[in-house]
Amino acid sequence: MPCWDPQDYGRNARAQATWADEVIPLLELAGDEVLLDLGSGDGRVTAAIAGRIPEGHVVGLDASPAMVIHARAKYGRRPTLEFVLADMQAIPFRAGFDRIFSNAALHWAPGQGRILNGIARALRPGGRAVLQMGGAGNAAPILRVLEDLIASDRWKPFFPKQGLRYAFLDGKTYRDLLAGAGLEPVEVSMYPKTMVQQGRDGLAGWVRTTWLLYTEDVPVEQRDAFIDAIVDGYLADHPPEPDGTVRVPMVRLQIVAVRP
């Protein structure tokens, strides 16, 4: 489990929060649902969803102790909202939820089949899952920079294993996984998005807080230099716009599925 810094993540997660706002309407909430948010992080999005379910109950699940402690301290006083520490690859619930939601989180876990089996068990019959994550081709230019760095003499000693560390899957693969879990797809879509960061510092903050599966392999005393190398490598081919913003092409995989 990466070592998350909730405060730093919150300062650099504007794009993730925006994406959540775009997909929350797909939950089709009436206001009395019991909902599970997988990968609830710092709790900001989970609390926003709870505000739309005044007569229901929302559970945020995250595997990071630091994130759960932060979310409980900041949002956990609402009687309709709670946060639990658990691995989304081993969801500890059964047939208790009307809705399951996840935004920008599932691609962190290698066991997508295990996650979907857990979702199927945790949903009530007729329940609905709305999931958005990075898809195949997500952040490809950043990954090319990472691959070059990892292969370089300076950094390759810290990366004995090669290969993509995030589960950026395509739509066909996900349809097969849904079928294997007994979930019926309503939507399986892949579409491009552009992430906009405020200059070099914004890009560095995003790299620092969302590429932990790579950066944490580097010793702490060299980690800032590694992050700088990622940022400099990206900006060499993708310089800031005239207004100073930096744009990163992303691909989102969006899933809406129901339990029969």
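Taking other Cβ atoms within 10 Å as a rough exposure proxy, His70, His238 sort from fewest to most as His238, His70. Normalised radius of gyration (Cα atoms, divided by 2.2 N^0.38 Å) for the chain: 1.01. First measure r as the distance between the Cβ atoms of Glu55 and Arg124, then evaluate 1/(1 + (r/R0)^6) with R0 = 22 Å and state the FRET efficiency to the nearest 0.05. So, using R0 = 22 Å, E works out to roughly 0.85. The modelled label-to-label distance for the pair Glu28/Asp87, using points 7 Å beyond Cα in the direction of Cβ, is 3.4 nm. The value of relative contact order for the chain, using C-alpha pairs under 8 Å at least six residues apart, is 21 percent. Derived scalar couplings between HN and Hα for the range 247-260 equal 10, 10, x, 10, 10, 10, 9, 10, 10, 10, 9, 10, 8, x Hz in order, rounded to whole Hz, by the Karplus curve 6.51 cos²θ - 1.76 cosθ + 1.60 (θ = phi - 60°), x for Gly and Pro. Distances between placed amide hydrogens fall under 5 Å for Asp170 paired with Ala136, all partners being 5 or more residues away or on another chain. By the scheme Lys and Arg +1, Asp and Glu -1, what is the net charge of all other residues having a beta-carbon under 13 Å from that of Leu235? Here the count lands on -3. Which residue, Gln222, Gln89, Gln112, has the most motion in a Gaussian network model of the chain that connects Cα atoms within less than 10 Å? Among Gln222, Gln89, Gln112, the largest GNM mean-square fluctuation belongs to Gln222.
Compactness of the range 42-191 was expressed as the Cα radius of gyration divided by 2.2 N^0.38 Å, which yields 1.19. Helix-only estimate, please: 222 nm mean residue ellipticity of the chain, summing -39500 (n - 2.57) across DSSP H runs of length 4 or more and dividing by its residues, to the nearest 500. For the chain, the value works out to -11500 deg cm²/dmol.
All of the numbers you see were taken from the coordinates with simple rules; none came from a lab. Everything numeric in this text was worked out from a predicted model, so none of it was measured. Glycine gets a Cβ as well: all are built from the backbone with ideal geometry, and neighbour counts include every protein chain shown.
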